[in-house]
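J.: Can you read through this structure? Questions will come right after.
The values are calculated or read from the model by the stated rules, or taken from the named source; none is laboratory data. Keep in mind the model is a prediction, meaning the values are calculated, not measured. Here Cβ is always computed from backbone atoms with ideal geometry, including for glycine, and neighbour counts include all displayed protein chains.
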């Protein structure tokens, strides 16, 4: 591939959410956190470390993944064995844990830069994509594949699902026509494993929950 | 792995999630801000006296509070078992049936929207003389209504939640003002303790239904307490306590304020209410309090109205968001502004409706006080009464099929008792609707409002049945709201309807 390589799902979601002129997040911190939480859990499913069944997380393999971000989540899951509900974990990881892990992973790869903004009430630290081309790539890749009628791989299907779940599609899927959307919907049904369908569904419900309780 | 203990000494997950949990006070504040004390005491009560000519309002507050407290027993119990608590139609969908639930959701949208436009009318009417007095600025009522309409619309679509501390401060100030003015009434030279507001016999006389419906409008908003079932520190205790405290506080505050106002107003309180309108509450206490207190009271009256309209706007746009997520309304209503999380399309639809109503009233020259504020509020109150009654029956139905986890009093005792009381109230309210609106029996408004609710219910049931036949996936999700893992843009795409995914 001549284009930038495919990153872990959560990194791609973070970049997609920051695909704006100044690198500012298109989502509220709460909604982005919920999306990233879902993405990290999806990565653990794809690492074959956990399963999601009936709203519960089951650990099937406790070996580290070799990637610090997902290993940190796995460690936490192991430590807090009495908490199993996916929704609880999504809520917990969304309190800043997921954003923090993903920002660090992206910073290590040199894909985001720390930005400090001095305001009236102290300094605000944020991470912005180092290269806006890279930030736009994941969504472009999905649109291109769908436009050509080609199959997305499973991580990109999860990413597309989380883009819909967080409402990011209003920014990055605008140009996707009826055909592209039908394509996507068809691939969700036929190619996304049930476990990941359920997980993205929970992430979407958590976003809806936040809107209802005025936390979004 | 070395951990054998079931509960490790410190769970980061529990600690992090507990930090955001709400206590009783936070939930009470939230509920009371929708109830808007000064709007009721200075707006609804005097206008109600003038329109209906009925004075036994304090006892009506107490009677309604008792019925609602009994209703709340089953209501908060069922909230622990269902998703999307806080929306009456969620209860009705689960307890009676999904088609009736759809009908109920439409009635709820209509009723809350009536409260919303009522508050626009009230602001225009009450602010007009005050703005003329304070700033020498004499604008027509509808211009002032449009200003607050625009404010609500902008805040709604940007979802700027008015800061919780600001709301709480305003609310406390309002309550202090209501009590201060009410105690001042007692020391006024005209005061003679009146038994009319507490006349129990009136609750069985002609016009009883109008009194009860009028009193009920003051409590609307209490049903929102269960929205926080999942957010509260202890779902089994926080939400029930907050609900009972809110109901008791509202009854005490409004009952006492109405009693002291009527007692201090002299012989002809109904006549004075008609002549002095929104000023009655302030006038009867004015000789005891300085002009500064009056200005503060007036200013808080206006902020109370604004708080109420923002609160209803939020309730309505989130209702539409839930329904859009489920696919019961257009999916577009299930969208939010990504950068703010505001339920944008519900908010916009609501604002368009508000604008049409204000313009219609301005062009037609209708009365913003009686025909918009009072009729809107009273009509909305009747709608909510209908919803509460259906919900109470739904609670019985739900626990008959899912009895686990609750005792007999929560499952059957309180819901049956509450349903009987509420059915009685609903029957009386609909049979006294002409008294409530202050019109001759058979007048247009007296049959149009019940008819509108009837048509909405029937149409909603019809739509529910169409969904059952044609869209079983949507039908299955009715009442589950935005919190369910089966609603939303991704789920719609997964459920395979390209038209819906748009």
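J.: What are the residue pairs meeting all of these: first residue in region A:1-21, first residue under 17 Å from residue A:144 (Cα atoms), second residue modelled with pLDDT under 85, Cβ atoms under 8 Å, and 6 or more apart or on different chains?
T.: Sorted first by the residue in region A:1-21, then by its partner, the pairs are A:4/A:133; A:19/A:132.
J.: Ok, one more. Which ones in region B:32-58 are over 20 Å from residue B:379 (Cα atoms) and either surrounded by fewer than 22 Cβ atoms within 10 Å (Cβ to Cβ) or within 14 Å of chain A (Cβ to nearest Cβ) (or both)?
T.: Hit for region B:32-58 is B:33, nothing else.
J.: From the list B:354, B:377, which one is farther than 27 Å from residue B:99 by Cβ, at pLDDT 95 or above, buried (at least 18 other Cβ atoms within 10 Å of the Cβ) and in contact with a helix residue (DSSP H, G or I) (Cβ under 7 Å, 6 or more places away or on another chain)?
T.: Step by step, each of B:354, B:377 is checked, and only B:354 is farther than 27 Å from residue B:99 by Cβ, at pLDDT 95 or above, buried (at least 18 other Cβ atoms within 10 Å of the Cβ) and in contact with a helix residue (DSSP H, G or I) (Cβ under 7 Å, 6 or more places away or on another chain).
J.: Consider residue A:10 carefully, then state whether it is in contact with a helix residue (DSSP H, G or I) (Cβ under 9 Å, 6 or more places away or on another chain), within 14 Å of chain B (Cβ to nearest Cβ) and outside any loop (DSSP other than H, G, I, E, B).
T.: Here the answer is no, as residue A:10 does not meet what is asked.
J.: Mind checking which residues of region A:27-50 are part of a loop (DSSP other than H, G, I, E, B) and more than 14 Å from chain B (Cβ to nearest Cβ)? Working first, answer last.
T.: Here is the first cut: in region A:27-50, the ones part of a loop (DSSP other than H, G, I, E, B) are A:27-28, A:47-49.
Within region A:27-50, A:47, A:48, A:49 qualify.
J.: Okay, next question. If residue B:347 satisfies all but one of (1) modelled with pLDDT of 90 or more; (2) more than 30 Å from residue B:179 (Cα to Cα); (3) away from every other protein chain (no Cβ under 13 Å), what's the number of the condition it fails?
T.: (3)
J.: Looking at region B:439-466 only, could you name the residues that are more than 12 Å from residue B:103 (Cβ to Cβ) and buried (at least 21 other Cβ atoms within 10 Å of the Cβ)?
T.: Taking region B:439-466 as the starting set, the residues that turn out to be more than 12 Å from residue B:103 (Cβ to Cβ) are B:439-452, B:466.
Scanning region B:439-466 gives a single hit, B:449.
J.: A further question follows. Any idea which of (1) touching a residue at least 60 places away in the same chain (Cβ under 8 Å); (2) surrounded by fewer than 14 Cβ atoms within 10 Å (Cβ to Cβ) is the one residue B:169 doesn't satisfy?
T.: For residue B:169, the exception is condition (1).
J.: Of the residues that sit in region A:204-216 and are within 7 Å of another protein chain (Cβ to nearest Cβ) and surrounded by fewer than 21 Cβ atoms within 10 Å (Cβ to Cβ), which one is nearest to residue A:25 (Cα to Cα)?
T.: Per the criteria, the residue is A:214.
J.: Can I ask one more? Quick check on region B:206-220: of everything there that is surrounded by 24 or more Cβ atoms within 10 Å (Cβ to Cβ) and assigned to a loop (DSSP other than H, G, I, E, B), which residue is nearest to the other protein chains (Cβ to nearest Cβ)?
T.: B:220
J.: Which number in (1) under 21 Å from residue B:206 (Cα atoms); (2) free of Cβ contacts under 8 Å to residues at least 24 places away in the same chain marks the one condition that residue B:454 misses?
T.: (1)
J.: Could I ask something else about it? Looking at residue B:333, is it more than 20 Å from residue B:150 (Cβ to Cβ), assigned to a helix (DSSP H, G or I) and more than 10 Å from chain A (Cβ to nearest Cβ)?
T.: Values: more than 20 Å from residue B:150 (Cβ to Cβ): yes; assigned to a helix (DSSP H, G or I): yes; more than 10 Å from chain A (Cβ to nearest Cβ): yes.
The answer is yes for residue B:333.
J.: Could you list all residues from region A:153-178 that are more than 27 Å from residue A:28 (Cβ to Cβ) and modelled with pLDDT of 90 or more?
T.: A:153, A:154
J.: Something else about it: Residue B:339 passes all but one of (1) touching a residue at least 24 places away in the same chain (Cβ under 8 Å); (2) within 14 Å of chain A (Cβ to nearest Cβ); (3) outside any helix (DSSP H, G or I); which number fails?
T.: (1)
J.: Restricting region B:221-238 to residues that are assigned to a loop (DSSP other than H, G, I, E, B) and either on the phi < 0 side of the Ramachandran plot or without any contact (Cβ under 8 Å) to a residue 24 or more places away in the chain (or both), which is nearest to the other protein chains (Cβ to nearest Cβ)?
T.: Looking at the filtered set, the residue picked out is B:231.
J.: Considering only region B:463-501, state which residues are over 19 Å from residue A:197 (Cα atoms) and modelled with pLDDT under 75.
T.: Within region B:463-501, B:499 is the sole residue that qualifies.
J.: Report the residue count in region B:182-205 for those that are without any contact (Cβ under 8 Å) to a residue 60 or more places away in the chain and either crowded, with 24+ Cβ neighbours inside 10 Å or closer than 22 Å to residue B:284 by Cβ (or both).
T.: Total satisfying the criteria: 1.
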